[in-house]
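Taking it in order: structure first as structure tokens, then the write-up.
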Amino acid sequence: MELYQLRTFVAVAEEGNFTRAGRRVHATQPAVSAHIKALEEELGVRLFDRVPRGVELTQAGAELVHDAIEVLAAANALKARAVTLGGEVAGQVALGLCTDPAFLKATSLIDLMSERFPKLSLKLIQSPSGVILSGIRARTLDAGFVFSGNPYHDLESIKLAEPRYSILGAARWRDELAVADAEALSAFTWVMPASHSPFRELQLEIFNKYGIVPARTIGADSEEVIRALVADGKGLALVREDEMKAMLDNGQAAECVLVGRHPVEVNFVFRKGEDSLPSLAAIIELVRRTWER
């Protein structure tokens with residue numbers, strides 16, 4: 001059997017669809033079918049059953065897919081080990097960014113990487129935390145920065161920081177927000193983060209805790225957009241403490257006193273057991289050094 005057949009097997013198992021799996025492994029649907037057929041013939045078992053929405057693993061397939069993942073991980077480790085023995089760490093690591101690169105110290109990370117591992121490169125993808133976690137599990141990302149905790153047993157995380165978030169509104173609402181109760185806050189428009197963001201859950205928790213029922217909401221999936229909406233008086237929203245300080249100092253916003261400030265973890269997450277791979281181990285080392293400064 002060939003490694004590319006195993007990669008296709010794992011992709012189909014995770015996607016449940018030949019076409020989507022083909023996009024992951026850069027193969028056409030007929031090629032994916034041929035890979036699976038050849039693997040089934042060599043192993044002597046049927047790996048998938050067809051169902052209305054695509055395919056699902058047979059009992060044999062469900063057991064063998066874990067072995068396939070281990071074989072692919074071992075092959076990657078072998079390749080990475082060979083690079084290490086050659087004296088250099090090389091390759092590309094795909095990292096998810098849950099917020100602006102400046103806050104995540106991405107520039108310092110890149111500078112350190114250029115100095116320590118000049119043949120290692122980064123691919124940076126900015127997405128909500130939930131999307132990043134799914135991408136790491138689906139192997140479209142190698143690791144990533146996420147807000148809040150890690151709910152998955154197959155992922156490991158390193159806690160980097162715990163910034164606080166507060167509800168801000170336009171500066172002209174300073175007096176109102178200083179004394180506003182749940183009824184007054186309910187009359188405001190609220191800017192709601194994206195559905196894949198832990199801040200949406202935090203904001204809903206705040207609503208429940210204080211009995212706030214917003215009169216109207218505006219959805220936004222960018223922290224930059226959210227800050228602009230707040231400063232322009234379009235609604236109330238959660239803002240990180242460093243950005244909050246800047247907006248308060250510049251007279252762009254006022255803080256909602258009632259709800260206080262709420263800590264949210266920043267974590268660096270990767271697949272369990274892969275921190276021994278040279279490229280990922282190098283990035284983990286650099287992330288630790290960057291955040292310890």
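The values are calculated or read from the model by the stated rules, or taken from the named source; none is laboratory data. Owing to the predicted nature of the structure, the values given are computational and were not obtained by experimental measurement. Because the Cβ atoms are built from the backbone with ideal geometry, glycine has one as well, and the counts that use them run over all protein chains shown. Side chains are part of the model used for accessible areas, which takes the heavy atoms of the whole protein and leaves out ligands, DNA and RNA. Shrake-Rupley method; radii C 1.70, N 1.55, O 1.52, S 1.80 Å.
Given R0 = 45 Å, the distance between the Cβ atoms of S134 and D175 translates into a calculated FRET efficiency of 0.55. Electrostatic tally near L185: other residues with Cβ closer than 13 Å to its Cβ, Lys and Arg +1, Asp and Glu -1, net -2.
Based on the Kirkwood approach, the hydrodynamic radius assigned to the stretch 1-159 is 17.7 Å, with every pair of different Cα atoms included. Between the residues A161, A184, A34, the greatest Cα displacement towards the positive end of the dipole of the chain, with unit charges on the Cβ of Lys, Arg, Asp and Glu, is found for A34.
In whole angstrom, how far apart do the alpha carbon centroids of the stretch 1-47 and the stretch 106-175 sit? Taking the Cα centre of each part, the stretch 1-47 and the stretch 106-175 sit 32 Å apart.
Applying a DSSP loop filter and a limit of 10 other Cβ atoms within 10 Å to the trypsin sites (Lys or Arg not before Pro) in the stretch 19-70 leaves R53. Full extension of the segment from R261 to H196, taken as 0.36 nm per residue of separation minus the current Cα-Cα distance, would add 21.2 nm. For K209, the aspartates and glutamates whose Cα comes closer than 17 Å to its Cα, not counting residues fewer than 8 places off in the same chain, are D181, E183, E201. Loop-resident GluC sites (Glu not before Pro) (DSSP state other than H, G, I, E or B) in the stretch 1-100 with no more than 15 further Cβ atoms inside 10 Å of their Cβ: E2, E88. Surface analysis of the stretch 152-293 yields an accessible area of 49 Å² per residue, using protein heavy atoms and a 1.4 Å probe. For the stretch 167-293, the calculated P(r) over all alpha carbon pairs, in 5 Å bins from 0 to the bin holding the longest distance, is 2, 10, 18, 20, 15, 10, 8, 7, 6, 3, 1, 0 percent. Here the gap between D154 and D49, fully extended at 0.36 nm per residue and compared with their Cα-Cα distance, gives a gain of 35.2 nm.
Please go through the residue pairs K105/K159; K105/K234; K79/K123 and name each one whose alpha carbons sit more than 23 Å apart in this structure. Pairs exceeding the cut-off: K105/K234.
The share of accessible area on the chain that comes from carbon and sulfur is 51 percent, using a 1.4 angstrom probe.
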